[in-house]
Amino acid sequence: MAFNLEATVKELTDFFKSEAKTETVVGASFQLGQFTCVPVIKFGMGLGYGAGEGKGGQPNKASGEGIGGGAGGGMGVEPIGFLVTHNEEISFIPTRTSKGLSAAFEKVPDLIEKMMDRKKEKAEASL
């Protein structure tokens, strides 16, 4: 049985296009009073393929020919929040909040900026 990589990837891509949509994962946008809420998802996928063939007849090896191949893939879809509109304003409301170590890492850029500002202020004050 021959394995057609191009046809398989096309079929997978078509499937992902049709199924990996916000509407199929968490639902369509909706009204909540004066607010319009649009669900947002994070989508990732990976595909891999490998094949090989060999011929026997070498010293201390079995004789004959062989071929082999394999493919694998994975996909992840996760709801991450909602875009919320009210009049002319648009906001993003995440479904999760950061806690623990990840929250600390998210604050590092702000802390570095504050540290650099203080350093600059001290340098300007000493002039």
Just a yes or no: is a residue in the stretch 34-43 exposed (fewer than 12 other Cβ atoms within 10 Å of the Cβ), within 22 Å of Gly76 (Cβ to Cβ), under 16 Å from the mean Cα position of the chain (by Cα) and at pLDDT 80 or above?
-> yes
Test: Gly52 is out of contact with any His (no Cβ under 6 Å at 6 or more places or on another chain), without any contact (Cβ under 8 Å) to a residue 40 or more places away in the chain, in a loop (DSSP other than H, G, I, E, B) and not β-branched (Val, Ile, Thr) | no
Cβ pairs under 9 Å, 6+ apart or interchain, first in the stretch 28-45 and outside the structural domain of Phe82 (by TED's automatic domain parsing), second modelled with pLDDT of 85 or more, ordered by first then second residue, are none
So Gly52 clears everything in (1) at pLDDT 85 or above; (2) under 22 Å from Thr13 (Cβ atoms) except one condition, right? Which one?
-> (2)
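The values are calculated or read from the model by the stated rules, or taken from the named source; none is laboratory data. Bear in mind the structure is a predicted one, so any value in this text is a computation, not a measurement. Cβ coordinates were reconstructed from backbone atoms using ideal geometry, including for glycine residues, and neighbour counts include every protein chain displayed.
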